[in-house]
Amino acid sequence: MTGWNGLLREYAQWFNLDGVDEFVTLQEGNTPLIHADRLSERLEADVWLKCEGLNPSGSFKDRGMTMAITKAKANGAQRVICGSTGNTSASAAAYAAKAGMDCVVLVPEGKIALGKLAQAMVYGAEVLQIRGNFDQALNLARELTQHMAITIVNSINPDRIEGQKTGAFEIVDVLGNAPDILSIPVGNAGNITAYWRGFTQYHFAGHCSTLPKMWGFQAAGAAPIVLGRPVENPETIATAIRIGNPASWVPALEVIHESLGDIRAVTDDEIIEAYRYVARYESVFCEPASAASVAGILKFGVPKGSTVVCVLTGNGLKDPETAVSTSATPPVIDATIKALLEKLS
Ligand code: AN7
């Protein structure tokens, strides 16, 4: 087979694939790293956007899910479950369908973007809305695994982090080295942990001579790591990262310590401004949570001349409601040339 056949084949040597004889893949990975011309000019730096919204289900979760579902299938699992703010459920539903497995997803009622809910439903998952938030959904999913044969595919499943480390590999493969700064949104803190693992493994093997500072950004209303304590009722317009008690909290603290990085907060206003800016000036339509990475570098600045990669974790089409509600309503005009000319003059 020629061409790109998914990240498990491409990066097979970097994984333990014992017992795996069949990959469950939708040809995830190999996403564009786009140079951000305007942001670079504005920040006097070299800024790049890792466009994870171009993965098969529209988010970075597919990197971890190809691994988690491949391993679950190799272990004979017939049913998987996740609690999710949306993207994990869309990805799990897609890969479970590909594998011929059943998928149960628990989502916080009314707090997931419409596109993500639509994906989970159409891919054929059993979707249950929880009267509660993400943290409660995740706890329920964990508890259920003690009552029945079902495999959890949240990022507490170590196979997820393993697959997601390939995002770092791809960045180094394109840039020829690690960036100076890797800017990334933080929810459960699985992805920041995965990227750091990828960079350090590549560094150890001599594929990059340097390591990046890891800059994570949480939404101000859901910033437990910044505050140093769990947030009981997290709130943010960026529903993907509306998480009050991150599963990978401790690993994330290690990452910022080892990389001389930081995890800081950006407000919803800053997130929406960055979200609109990257669409309008860089032509990348990401979802609000993803824009936290751009909001962070705009808010705190970056050293002049540095190379910065912002991970844009999910596709803007997933959340049409936020796109429309933060834009002016298009005017309605008569279907006449006179009305059109009047409007455009
Ligand atoms: C677009 O789908 O937690 O810090 O249940 O969807 O690894 O949690 C999503 C998280 C960033 C945060 N950007 O990543 C879920 C879920 C987007 C996301 C994050 C998520 P982590």
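Just so you know, all these numbers are worked out from the coordinates, no wet-lab data involved. Quick caveat, the model's predicted, so the values are computed rather than measured. No Cβ is skipped: glycine too gets one built from the backbone with ideal geometry, and neighbour counts run over all protein chains shown.
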### Query
Using a Gaussian network for the chain with springs between C-alpha atoms less than 10 Å apart, which of these wobbles most: 107, 311, 284?
284
### Summary
Here the convex hull volume per residue of segment 233-345, taken over Cα atoms and given in Å³, is 148 Å³
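With a Förster radius of 30 Å, plug the Cβ-Cβ distance of residue 12 and residue 75 into 1/(1 + (r/R0)^6) and report the FRET value to the nearest 0.05.
0.95
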### Message
For q values of 0.17, 0.24, 0.25 Å⁻¹, compute log₁₀ I(q)/I(0) with the Debye formula on a Cα-only model of segment 61-157, without solvent.
### Response
-0.62, -1.26, -1.36
### Message
Tell me the net charge near residue 77. Cut-off is 10 Å between Cβ atoms, residue 77 excluded, with +1 for each Lys or Arg and -1 for each Asp or Glu.
### Response
+2
#### Entry: Only Lys, Arg (+1) and Asp, Glu (-1) charged, at Cβ; the chain dipole about Cα centre in debye
180 debye
## Note on the structure
Of 305, 187, 216, the most mobile residue in a GNM of the chain (C-alpha springs, cutoff 10 Å) is 305
### Query
Looking at 181, 104, 208, which one has the Cα that reaches farthest to the positive end of the dipole of the chain (charges on Cβ: Lys, Arg +1; Asp, Glu -1)?
104
### Task
Determine the equivalent ellipsoid of the chain by diagonalising the alpha-carbon gyration tensor, then write out the semi-axes as square roots of 5 times the eigenvalues, largest first, rounded to whole Å.
30, 26, 21
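Treating only the Cβ atoms of Lys and Arg (+1) and Asp and Glu (-1) as charged, compute the dipole magnitude of segment 169-312 about its Cα centre; round to the nearest 20 debye.
Using Cβ point charges on Lys, Arg, Asp and Glu, segment 169-312 gives about 140 debye.
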### Summary
The exposure ranking of 101, 67, 214, 148, fewest beta-carbon neighbours within 10 Å first, is 148, 101, 214, 67
### Query
What spacing in nm lies between the two simple spin-label points modelled at residue 145 and residue 344, each 7 Å away from Cα in the Cβ direction?
5.7 nm
### Query
Which value, to two decimals, describes the C-alpha radius of gyration of segment 133-188 once divided by 2.2 N^0.38 Å?
1.58
### Query
For segment 1-146, max minus min Cα coordinate along each principal axis, in Å, sorted largest first?
51, 40, 25
### Message
If you take every residue apart from residue 238 with its C-beta less than 12 Å away from the C-beta of residue 238, what net charge results, scoring Lys and Arg +1 and Asp and Glu -1?
### Response
-3
